[in-house]
Amino acid sequence: MKNRVTPTNHEVRLEADHFIVSKTDLKGRITYANRVFMHISGYREPELLGAQHNIIRHPDMPRGVFLLLWKMIQNGEECFAYVKNLCKNGDYYWVFANVTVDHDPSGQPSGYFSVRRQPRQAAIDAVTPLYQEMLRIEREAGPRDAPQRSLDWLQAQLAEMNKDYNEFVLSL
Amino acid sequence: MKRLYLQTRYNLIIALLVLYSLLIAGLGALGIDPLWQGVVALAALATGLLAWWVMRMPFRVINNIRTLLGEMRQGRYTSRITRVPWMGEAGHLAWDLNEVLDQLETFFREVCTSFELVSQGRFYRRTLPQGLPGHMARTLERINESLEAMAQNALYIRENEMASQLQQLNTSQIMNNLTLTQNDLMRITDEMEKVSGIALDTMQKANESEHSVSEVVSAQNQTLQLIQQGNETMSQLKAMSSEITQVLGMITEIADKTNLLALNASIEAARAGEHGRGFAVVADEVKQLAESTKQATEEIREVVSTFERETGTMLDNSNRMMEMADHVQQVVTDMSRQFNEFATQSRETHRSVDYAHDICFASLVKVDHMIYKQRAYKVFYGGTDTPDAEAVRVDHHSCRLGKWYYEGIGKQQFAGLSCYRQLEGPHAEVHEAGRTALAYLQEDWKQDEALQQKILDAYRQMEEASERVMEVIDCMVPEKHGH
Ligand SMILES: Cc1cc2nc3c(=O)[nH]c(=O)nc-3n(C[C@H](O)[C@H](O)[C@H](O)COP(=O)(O)O)c2cc1C
């Protein structure tokens with residue numbers, strides 16, 4: 001489900017104790033969102049439940065980041081990311097997100113769980129140029145190769161720093 | 001009586017109310033229009049249904065909450081309650097529970113993931129207390145402190161492991177090098193021993209030669225003396241033969257005079273005639289005697305002159321022999337001096353070689369000690385049932401230095417030195433300390449700090465004693481050689 005919201009330049013800032021939680025099924029369809037989620041994003045529960053999580057995807061986010069996120073969580077790893085999200089009214093809000101796998105009682109993956117906290121401004125300042133470069137690479141690569149190309153570039157940067165992706169994100 | 005659930009009770013109340021309304025409607029029907037009667041009955045039923053429906057939803061929520069709490073009791077925090085609009089307290093209850101679960105689930109995931117990473121040896125992950133309520137956040141902070149400590153510890157362990165691996169590498173490298181050096185020194189010491197033997201042999205032969213040459217010199221001197229004596233005798237003989245010639249002259253003169261006298265006497269006898277006949281016979285006899293004396297003297301003179309000639313030749317020869325003997329004596333004296341020098345030099349050589357040999361052996365002993373110590377250290381890493389451990393168990397009588405000391409050259413050549421006596425104590429101590437360390441290492445020292453201290457002490461004592469051994473060895477060789 002693609003949203004047709006037009007982004008504005010207005011930022012909604014999270015408070016220090018804001019704690020945004022959502023859960024999805026294995027395909028990324030939202031199965032639960034807490035009240036802060038709804039409060040910040042401006043969506044009501046019926047609009048969210050069953051919707052793809054990209055309902056709040058902001059066009060400024062490079063697709064390579066989400067490609068990596070999915071690779072990691074499908075591999076059973078947790079994934080950290082600084083994400084710029086889109087509100088229903090077009091405003092945006094930055095979060096420091098952590099996504100992990102949900103397991104059913106038999107231990108099989110049953111969905112994903114995500115917590116978002118107030119991000120540090122310094123970290124946002126650090127990732128913004130990275131995301132811009134990734135977006136540029138994606139525009140150049142064309143829609144089919146875009147995510148992989150920008151992800152390749154990101155991983156080359158990480159290799160140069162000799163850091164895991166998560167380690168890098170946490171160090172920001 | 002079976003206790004009813006709240007929902008059943010409410011359903012019962014609703015049903016009773018509906019029944020009650022229907023009853024009132026029925027009673028009222030006696031005085032009212034039947035149409036109204038129907039409307040009221042329907043209204044009562046509808047109200048009942050509505051009441052049931054409105055009540056059903058919160059009860060569903062409450063049921064959900066119950067299920068959720070049941071899962072929580074089993075330690076599962078993943079489920080949530082959704083779609084609870086317009087449910088007032090029940091809705092709030094559900095949301096509050098959801099958000100408590102959000103916190104709990106996050107809390108446990110934080111703890112789980114960070115510890116999982118730690119168990120994989122990755123220490124960058126800390127739990128994120130941000131956004132969680134007081135007690136949980138504080139717990140996570142405490143956990144972070146222990147994670148920090150674990151990271152430090154892991155770093156320390158890795159450093160230690162690294163150091164220990166390097167140390168092991170170094171030790172085995174040192175061992176290899178030392179073993180090479182040891183082999184070299186052993187070969188050199190052997191060779192030196194051979195060279196020393198050869199030098200000793202040379203020295204003895206030189207001494208013998210020197211002796212022989214001096215014998216030749218004295219024999220030559222005697223010959224010279226004999227020749228000189230002969231020479232003198234010859235000169236005397238020569239002098240004597242000229243004296244004889246003189247005497248012979250005198251005898252000839254006497255014979256001539258006698259002859260003359262005999263002639264005079266025979267003349268006088270002739271003159272005397274008959275009376276002089278007898279006298280003439282005597283004069284004749286005297287004349288003949290003089291004649292034969294002269295003849296004999298001539299013969300002797302001839303012999304003597306031959307003798308004189310021969311003696312002259314002999315004297316010449318003897319003089320030449322003396323010159324030659326003189327020359328020979330010079331040559332032999334030169335030779336003797338050279339042999340003397342040669343003997344001195346070979347004594348010198350032998351002394352140097354012997355000194356060098358002792359130095360070599362001292363180095364070998366030092367290397368042996370280093371190897372012994374390295375082995376003792378290797379036992380620490382490699383275990384107490386290795387060939388190294390076997391080597392460390394050897395006592396101070398059976399190692400190379402021990403054999404040298406108690407049975408070999410050491411005892412023969414060094415026993416008189418004060419250093420020799422000083423060596424025994426520290427040497428025994430090195431072995432004792434090594435064996436003590438080994439014995440402790442066989443116990444369960446990893447859990448026992450006191451034992452660890454003892455092991456350290458044993459190693460330390462081994463080093464200390466070994467240092468004294470080295471010192472004594474360093475002064476023993478100069479002491480023996482008087483340097
Ligand atoms: C648990 C979970 C949480 C997610 N949260 C976000 C989010 O906050 N913002 C976002 O843009 N995408 C989020 N995603 C990723 C989306 O599923 C999606 O991959 C992404 O928005 C990119 O959209 P696209 O696949 O249509 O390009 C989340 C995914 C999961 C599984």
*Which residue out of A:K84, A:K27 is closer than 30 Å to A:Q148 by Cα and outside any loop (DSSP other than H, G, I, E, B)?*
A:K84
*asked:* Of everything in region A:112-125, what is within 14 Å of the ligand (Cβ to nearest atom) and small (G, A, S)? Give them in sequence order.
replied: A:S114
_Residue check for A:E78: modelled with pLDDT under 95 and surrounded by fewer than 19 Cβ atoms within 10 Å (Cβ to Cβ)_ = no
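Rundown of residues vs (1) touching a Lys or Arg at 6+ places or on another chain (Cβ under 9 Å); (2) open to solvent by less than 70 Å² (accessible area, probe 1.4 Å); (3) among the aliphatic types (A, V, I, L, M), yes/no style:
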site: B:V282; (1), (2), (3): no, no, yes
site: B:T293; (1), (2), (3): no, yes, no
site: B:E302; (1), (2), (3): no, no, no
site: B:T306; (1), (2), (3): no, yes, no
site: B:M321; (1), (2), (3): no, no, yes
site: B:M335; (1), (2), (3): no, no, yes
site: B:E341; (1), (2), (3): no, no, no
*Could you tell me which numbered condition B:R80 fails, if it satisfies all but one of (1) open to solvent by less than 100 Å² (accessible area, probe 1.4 Å); (2) assigned to a helix (DSSP H, G or I); (3) closer than 30 Å to B:R109 by Cβ?*
(2)
*asked:* Here is a check on your reading of the model: is A:G76 within 14 Å of another protein chain (Cβ to nearest Cβ), away from the ligand (no atom under 11 Å from the Cβ), in a loop (DSSP other than H, G, I, E, B) and not hydroxyl-bearing (S, T, Y)?
replied: yes
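Can you find even one residue in region A:90-98 that is touching a Pro at 6+ places or on another chain (Cβ under 7 Å) and within 14 Å of chain B (Cβ to nearest Cβ)? Can you show your working first?
Quick first cut of region A:90-98, residues touching a Pro at 6+ places or on another chain (Cβ under 7 Å) only: A:90, A:92, A:94-96.
Restricting the remaining residues to those that are within 14 Å of chain B (Cβ to nearest Cβ) gives A:95-96.
Yes, region A:90-98 has at least one match.
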*Which of the residues spanning region B:213-240 are farther than 22 Å from B:T297 by Cα, in contact with a helix residue (DSSP H, G or I) (Cβ under 6 Å, 6 or more places away or on another chain) and open to solvent by 70 Å² or more (accessible area, probe 1.4 Å)?*
B:V216
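Can you tell me which residue in region A:86-96 is nearest to the ligand (Cβ to nearest atom), limited to those that are open to solvent by less than 10 Å² (accessible area, probe 1.4 Å) and not β-branched (V, I, T)?
The initial filter retains those residues of region A:86-96 that are open to solvent by less than 10 Å² (accessible area, probe 1.4 Å), namely A:86-87, A:90, A:93, A:95.
Then drop every residue that is not not β-branched (V, I, T), which leaves A:86-87, A:90, A:93.
Values: A:L86: 8, A:C87: 12, A:G90: 15, A:Y93: 10 Å.
The extreme case among them is A:L86.
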*asked:* For region B:24-41, which positions are hydrophobic (A, V, I, L, M, F, W, C) and either in contact with a His (Cβ under 9 Å, 6 or more places away or on another chain) or loosely packed, with under 12 Cβ neighbours inside 10 Å (or both)?
replied: B:L27, B:L30, B:L35
_Considering only residues that are closer than 16 Å to A:Y82 by Cα and more than 10 Å from the ligand (Cβ to nearest atom), which ones fall in region A:4-56?_
A:E11, A:V12, A:R13, A:L14, A:E15, A:A16, A:H18, A:F19
*So which of B:E243, B:E210 is open to solvent by 100 Å² or more (accessible area, probe 1.4 Å) and either at pLDDT 85 or above or assigned to a helix (DSSP H, G or I) (or both)?*
B:E243
*Go through (1) open to solvent by 50 Å² or more (accessible area, probe 1.4 Å); (2) touching a helix residue (DSSP H, G or I) at 6+ places or on another chain (Cβ under 7 Å); (3) within 13 Å of the ligand (Cβ to nearest atom) and name the single condition A:P109 misses.*
(2)
_Subset of region B:69-90 (residues that are charged (D, E, K, R) and under 20 Å from B:V54 (Cβ atoms))_ = B:R83, B:E89
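Results for (1) within 24 Å of B:V100 (Cα to Cα); (2) part of a loop (DSSP other than H, G, I, E, B), shown as yes or no for each residue.
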site: A:K23; (1), (2): yes, no
site: A:T31; (1), (2): yes, no
site: A:F37; (1), (2): yes, no
site: A:N54; (1), (2): no, no
site: A:K71; (1), (2): no, no
site: A:F80; (1), (2): yes, no
site: A:G90; (1), (2): no, yes
site: A:G111; (1), (2): yes, no
*Filter pass, A:F113 being of a type in the set (A, V, I, L, M, F, W, C), over 17 Å from A:I30 (Cβ atoms), within 14 Å of another protein chain (Cβ to nearest Cβ) and in contact (Cβ under 8 Å) with a residue 60 or more places away in the chain*: no
*Which numbered condition B:G75 fails, given (1) modelled with pLDDT of 90 or more; (2) within 12 Å of chain A (Cβ to nearest Cβ); (3) open to solvent by less than 50 Å² (accessible area, probe 1.4 Å); (4) closer than 26 Å to A:Q108 by Cβ*: (1)
*Pairs under 7 Å by beta carbon, first residue more than 7 Å from every other protein chain (Cβ to nearest Cβ) in region B:112-125, partner part of a loop (DSSP other than H, G, I, E, B) and open to solvent by less than 20 Å² (accessible area, probe 1.4 Å), six or more apart or different chains?*
B:S114/B:R125; B:S114/B:T127; B:L117/B:R125
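Of these, A:T128, A:T100, which one is hydroxyl-bearing (S, T, Y), without any contact (Cβ under 8 Å) to a residue 60 or more places away in the chain, more than 15 Å from the ligand (Cβ to nearest atom) and surrounded by 13 or more Cβ atoms within 10 Å (Cβ to Cβ)? Break it down into steps so the answer makes sense when it comes.
Details: A:T100 fails: more than 15 Å from the ligand (Cβ to nearest atom).
Selected residue: A:T128, the only one of A:T128, A:T100 that is hydroxyl-bearing (S, T, Y), without any contact (Cβ under 8 Å) to a residue 60 or more places away in the chain, more than 15 Å from the ligand (Cβ to nearest atom) and surrounded by 13 or more Cβ atoms within 10 Å (Cβ to Cβ).
Those residues that are more than 8 Å from the ligand (Cβ to nearest atom) and buried (at least 17 other Cβ atoms within 10 Å of the Cβ), I need them from region A:57-66; list them, please. Spell out the reasoning first.
Start the filter on region A:57-66 by keeping residues that are more than 8 Å from the ligand (Cβ to nearest atom), which leaves A:59-60, A:62, A:64-65.
A:P62, A:G64, A:V65 - these are the residues of region A:57-66 that are more than 8 Å from the ligand (Cβ to nearest atom) and buried (at least 17 other Cβ atoms within 10 Å of the Cβ).
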_Could you check region A:30-44 and list, in sequence order, the residues that are buried (at least 16 other Cβ atoms within 10 Å of the Cβ) and away from every other protein chain (no Cβ under 11 Å)?_
A:I40, A:S41, A:G42, A:Y43
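It is to be established whether one or more residues within region B:86-94 are modelled with pLDDT under 85 and at positive phi.
Here is the first cut: in region B:86-94, the residues modelled with pLDDT under 85 are B:86-90.
Still in the running and at positive phi: B:86, B:88.
Yes.
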*asked:* Looking at A:E47 and the list (1) under 17 Å from the mean Cα position of the chain (by Cα); (2) more than 9 Å from every other protein chain (Cβ to nearest Cβ); (3) open to solvent by 30 Å² or more (accessible area, probe 1.4 Å), which single condition is not satisfied?
replied: (1)
_Tell me yes or no: at least one residue of region A:138-160 is assigned to a helix (DSSP H, G or I), in contact with a Gly (Cβ under 9 Å, 6 or more places away or on another chain), hydrophobic (A, V, I, L, M, F, W, C) and buried (at least 21 other Cβ atoms within 10 Å of the Cβ)._
yes
*Restricting attention to region B:83-94, and to residues there that are at the interface with chain A (Cβ under 9 Å from one of its Cβ atoms) and surrounded by fewer than 17 Cβ atoms within 10 Å (Cβ to Cβ), which single residue is nearest to A:L48 (Cα to Cα)?*
B:R83
_Candidate set: region A:1-21, residues that are open to solvent by less than 40 Å² (accessible area, probe 1.4 Å) and assigned to a strand (DSSP E or B); chosen: the one nearest to the other protein chains (Cβ to nearest Cβ)_ = A:V21
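The values are calculated or read from the model by the stated rules, or taken from the named source; none is laboratory data. Please read all numbers here as calculations on a predicted model, not as lab measurements. For neighbour counting, all protein chains shown are included, and Cβ atoms are generated from backbone atoms with ideal geometry for every residue, glycine included. Accessible surface areas use protein heavy atoms only, side chains included; no ligands, DNA or RNA. Shrake-Rupley method; radii C 1.70, N 1.55, O 1.52, S 1.80 Å.
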